[in-house]
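One structure is given below, encoded as structure tokens.
Please treat every number below as a calculation from the coordinates, not as lab data. All figures in this text were calculated on a predicted structure; none of them were measured in a lab. No Cβ is skipped: glycine too gets one built from the backbone with ideal geometry, and neighbour counts run over all protein chains shown.
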Amino acid sequence: MPRSIWGGLARRWMIVVAIVVVAVAGFAVYRLNGIFGSKDVTSTPSGGANEIVPFNPKHVVLQVFGPPGTVATITYLDVNAQPQRVDAATLPWAYDTTTTQPAVFVNVAAQGDSDSIGCRIEIDGVVKDEKTVNTLNAYTSCLDKSG
């Protein structure tokens, strides 16, 4: 009878080796999981992820200027990139705001009833764009997309 057991094992040795290899690999993976702590679960506080803290606020100033008494039609994009229009604005005119958005795309355009008009965009006290035009019913525009 012992001979028949060894004879059966001799015929199925590959199956036995495969079972032993799978068992040793499974045990090794189990031990490595325990060593490197992959079963530890870390969580973040629930309130911290929803709270947005303002950083690096930007001070944005759009200006339109010209000779005293000049009246202009002004169109501009505010800090939320929404188009705005001001009719019959006496110059000088300014849009002054502060935002915490990481980037600001602003634009201002104006046409006045005098022979000179200018525009300026300042972000954090730095002039990003400035133009002055001297012509009949002058039109000017300034743009900054890097703020």
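If only residues of region 124-138 that are of a type outside the set (Val, Ile, Thr) and part of a loop (DSSP other than H, G, I, E, B) are counted, the one that is surrounded by the most Cβ atoms within 10 Å (Cβ to Cβ) is Ala138.
Residues considered: Asp87, Asp129, Asp113, Asp96. Of these, the only one that is within 13 Å of Lys58 (Cβ to Cβ) and among the acidic types (Asp, Glu) is Asp96. Criterion applied to Ala81, Ala88 was being part of a loop (DSSP other than H, G, I, E, B) and surrounded by fewer than 15 Cβ atoms within 10 Å (Cβ to Cβ), and the one residue passing it is Ala81. Return yes when Val104 is free of Cβ contacts under 8 Å to residues at least 60 places away in the same chain and under 23 Å from the mean Cα position of the chain (by Cα) and no when it is not. Answer is yes for this residue. Filtered by the rule that a residue be loosely packed, with under 14 Cβ neighbours inside 10 Å, in contact with a Pro (Cβ under 9 Å, 6 or more places away or on another chain) and part of a loop (DSSP other than H, G, I, E, B), region 93-123 gives a lone residue, Thr100.
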